[in-house]
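Taking it in order: structure first as structure tokens, then the write-up.
Please treat every number below as a calculation from the coordinates, not as lab data. Everything numeric in this text was worked out from a predicted model, so none of it was measured. A quick note on method: Cβ atoms are made from the backbone with ideal geometry, for glycine too, and the neighbour counts reach across all protein chains shown.
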Amino acid sequence: MAEQADHADRADRAGHADRAGHADHPAYPVGLRLHGRRVVVVGGGQVAQRRLPQLIATGAVITLISPSATPSVEAMADAGEIRWEHRRYQDGDLADTWYALIASSDTTANDAASAEAERTRTWCVRADDAEAATAWTPATGRSENVTVAVLTTTSQGRDPRHSAAIRDAIVEGLRDGTLAAPHHRTRAPGVALVGGGPGDPDLITVRGRRLLAEADVVIADRLGPRDLLDELPPHVEVIDAAKIPYGRFMAQEAINQALIEHAKAGKSVVRLKGGDPFVFGRGMEEAQALAAEGIPCTVVPGISSTISVPGAAGIPVTHRGVAHEFTVVSGHVAPEDPRSLVDWEAVARMRGTLVLLMAVDKIGAIAAALIAHGKDPATPVALVQEGTTAAQRRVDATLADVGERAVAEDVRPPAVIVIGDVVAVGPHSAPTTGQDRPGDQQ
């Protein structure tokens, strides 16, 4: 026993000596596996609110000790993600704890908890005094299955903002593919159906851009973000799958076969589509064709032009007191065409916003059908061509004259057509009151 006490005493002295001169020694980076292990958080304020989600994600058994908490932290407790003890810290709270985060506004309690962590050999982060802590939280970020953690080497000159900036640069590079990290394990071949967004290359999702950067073959639509193709390495094969209205096009069957053949050849294939793959994009047809051949398929949703293009033109598809719903309809088939699946009479009765895609050449017939079924001819209409791109333009009309206006202004596809009172709503329009309750925000 005397020998153990002597050993502990020497360890204490060594620990204190190290803390006295720890500015000269770098921190040792390590990843803590906290699943099923006890973690204590002291303080329920903004620091806890920021750090708790990552701790919860590890699967740790988390106890929060704090007399109060922010609404977000309280919601985590209500959801059962953490256990909240509504009180101040007491000596002994860190018993059997693997990791402690001390982040209260009570300096005395923080010092006491930090002292207990030192006695019990519990790794401890101090939000209020990093130099008194036994551990530091790195600036972390994630991209797919990679975690990036940036930590200042020593306590001298610690600059959390600089660490965060480095973290952000690395993560952004990994996500958008500008920071290439070659895979050293064989990747499973397959196809990713990637929604490229409405046209602006910055509006593709970070996951979509990363998969694009890793592709061997890209089968691209005309409406996809074309500027991104120029960033692809020279070895990437790009196949044009454009469907030009009343012009050249690649048949859907040929697109399906190209996806299958390249995937079976062991290549990583990206099917780059405009908007979202499943919004009039035939994405499910392609997924079904791949499934029939046993080829893995990943679907990456995209920002749909049905919402983003009106938004870019200053039109909200819903607005409090004006429209409580919006309906998206394909206009590639005229109302009188027997192939049409749209109940235009029901659509005309709706009070909300109507968004039409692929309807430029049919807008006159569609407007006439809506008016015939009772829609007010004075209903505002906006045609937004090449939305979110440098060539974007907006043409305003009414349901009564939109067919003529589209021809006179030479509106061409791709264009999104918005019908409804929201067209008249804008930053400079008078605020609406409506019948909604004050808390009903859309």
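Counting other Cβ atoms within 10 Å, which GluC sites (Glu not before Pro) in region 246-289 have at most 13 and lie in a DSSP loop? Walk me through the numbers before you get to the answer.
Working: sites: E253, E261, E285, E286; in loops: none.
Here no loop site has a sparse enough neighbourhood.
Residues L193, L32, ranked from the fewest to the most other C-beta atoms within 10 Å, line up as L32, L193. For region 307-424, the C-alpha radius of gyration divided by 2.2 N^0.38 Å, with N the number of residues, is 0.96.
When every Cα-Cα distance of region 208-291 is counted in 5 angstrom steps from zero, the calculated P(r) takes the values 3, 14, 27, 27, 20, 8, 1 percent. From the alpha carbon centroid of region 60-120 to that of region 284-301 is 47 Å.
Given an 8 Å cut-off on Cα distances and at least 6 residues of separation, report the relative contact order of region 307-424 as a percent.
On the way: 233 pairs, mean separation 37.1, N = 118.
Reported as a whole number, the value is 31 percent.
Here the Karplus curve 6.51 cos²θ - 1.76 cosθ + 1.60, taken at θ = phi - 60°, turns the phi angles of region 79-84 into couplings of 7, x, 6, 9, 9, 10 Hz, with x standing for Gly and Pro. Here, P(r) means the percent of Cα pairs in each 10 Å bin from 0 to the largest distance; for region 32-137 it is 17, 55, 27, 1.
Of all DSSP-defined beta bridges confined to region 307-424, some 75% are antiparallel rather than parallel.
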